[in-house]
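Attaching a single structure in structure tokens format; questions to follow.
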Amino acid sequence: MTDRLTTPLQVTARLRTPVTEHDHVRGPRNAPVTIVEYGDFQCPFSGLVHANLAEVLQQRADTVRHVYRHFPITNLHPYAERAAEAAEAAGRRGRFWEMHDWLYEHQDQLDPVHLTLGVEQLGLPVDEVETEIGRHAHGDRIRHDFVGGIRSGVDATPTFFVNDIRHDGDFAPATLLSAVDDAT
């Protein structure tokens, strides 16, 4: 019998906001493993993990679905919220994942001028997207993601949840693949 006073309590953070049809999902909807990512498009760590996660999704294409949620840390990343707004504007036109990938692949170009060029490169209507960004048309969605992250214990980006349990390991492809395999 263990003594509750001397045994350290291990707390595992769990996802508090379930995945719904409103989330951005890449991969099979009925996949046995769901990775929910809370990310910030301007965060250098989120940018580094982007390639690792792409590798995991490629190697476990039938096993994993990826859910992306916004967690812009605006006091550190002044263009993060604008980038999230652009991603949502693209998503409104069925192009969320293309904009998502562009933003992570061009993290050094998230200022308003370069972001507009990115919108144009993707063939999106620049004036419409700029208007949506300017009036924060998708602010409620971004705040909803952010608040859900706070409720789930997110305090940094990126933060991953694998089948609703926070992944506290590193983000190397081998570690992520192991977490996916352990969750199946």
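Where a number appears in this text, it was derived from the coordinates with a stated rule and is not lab data. This is a predicted model, so every value here is computed, not measured. No Cβ is skipped: glycine too gets one built from the backbone with ideal geometry, and neighbour counts run over all protein chains shown.
Once the piece of chain linking residue 54 and residue 74 is laid out straight, how much longer is it, given 0.36 nm per residue of separation minus the C-alpha distance between them?
Additional length available on full extension: 4.7 nm.
Considering just Cα atoms, how many Å³ per residue does the convex hull of segment 24-183 enclose?
Expressed per residue, the convex hull around the Cα atoms of segment 24-183 is 105 Å³.
In degrees from 0 to 90, rounded to the nearest 10, what is the angle of the helix 80-92 Cα long axis to the longest principal axis of the chain?
The helix 80-92 is inclined about 80 degrees to the chain.
Mind giving me the nanometre distance, one decimal, between the label points for residue 165 and residue 97, set 7 Å out from Cα along Cα→Cβ?
2.7
Taking the DSSP beta bridges in the chain as the whole, what percent of them are antiparallel, to the nearest 5?
60
Suppose the chain between residue 128 and residue 174 were pulled fully straight at 0.36 nm per residue; how much longer would it get relative to their current alpha carbon spacing?
Extra length available between residue 128 and residue 174 comes to 12.4 nm.
Let me ask another. Based on the mean of other beta carbon atoms within 10 Å per residue, what is the order of 51-64, 152-165, most packed first?
So the order, starting with the most tightly packed, is 152-165, 51-64.
Now for a different question. Stretch residue 143-residue 20 to full length: gain in nm at 0.36 nm per residue minus the Cα-Cα span?
42.7 nm
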